[in-house]
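Worksheet: one structure, shown below.
The values are calculated or read from the model by the stated rules, or taken from the named source; none is laboratory data. As the structure is a prediction and not an experimental result, all values here were calculated from the model. Here Cβ is always computed from backbone atoms with ideal geometry, including for glycine, and neighbour counts include all displayed protein chains. The area values use the complete protein model at the heavy-atom level, side chains included, leaving out ligands, DNA and RNA. Shrake-Rupley method; radii C 1.70, N 1.55, O 1.52, S 1.80 Å.
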Amino acid sequence: MKRLLLAALIAGASPALAQTSPNGVRTLNPAGAIKTEGTWSLGTRAGDFVFVAGMQGVDPATNRLVPDPEGRIRQAFLNIKLIALSEGASLKDCVRLTIYVNDLSKVAPLVDKVQAELWGGPPYPPRTMFEAKRLFDDDIVEIDSVFYAPQKTK
């Protein structure tokens, strides 16, 4: 138990957030990430896959939504990128995106623009984008993602 506590503190996570299930599913809480509240985790690693929670454009420095729509979408992708990088994956290792938007005609072009900039061009991961009647905090976007990040053998 002392080793788990020490490892969690060294990794910059609180002991309650850095946990591993009996089957080896590990919750993720990398340094510099947004702060979670409630009954969810930023992500999990299950074998060679990293599952990132639906991310909004929350600025990790303030834990508040970025005001500008394009900036908010960029921040949502950057929040995802931070978690993926913490597990040895890049955006190019993304194997699935599901993007929820509050207004498809207004937000989808911004998502396309920001995603193209951050990915640096094709190939892009498979993606589903659809309009939801209402998102958490009445937000404009939430992005759910899965990454392939083979575990390194020591």
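Counting only protein heavy atoms and a 1.4 Å probe, the chain has 58 square angstrom of accessible area per residue.
The slack between T20 and T153, meaning 0.36 nm per residue of separation minus the straight C-alpha distance, is 46.1 nm.
The mean sequence separation of alpha-carbon pairs under 8 Å and at least six residues apart, normalised by the residue count of the chain, gives a relative contact order of 24 percent. Taking a span of 24 Å or more along the helix axis (Cα atoms) and a mean Kyte-Doolittle hydropathy of at least -1.0 as the rule, the DSSP H helices of the chain that qualify are 69-86. Computing Cα extents along the principal axes in Å for the structure here picks out one of [x] 52, 31, 23; [y] 56, 32, 29; [z] 50, 34, 29, namely [x]. When the solvent-accessible area of the chain is split by element, carbon and sulfur atoms take up 58 percent of it, the probe being 1.4 Å. Placing +1 on the Cβ of every Lys and Arg and -1 on the Cβ of every Asp and Glu, with nothing else charged, gives the range 90-154 a dipole about its Cα centre of roughly 420 debye. Toward the positive end of the charge dipole of the chain, with +1 on the Cβ of Lys and Arg and -1 on the Cβ of Asp and Glu, the farthest Cα among F147, L78, G120 is that of F147.
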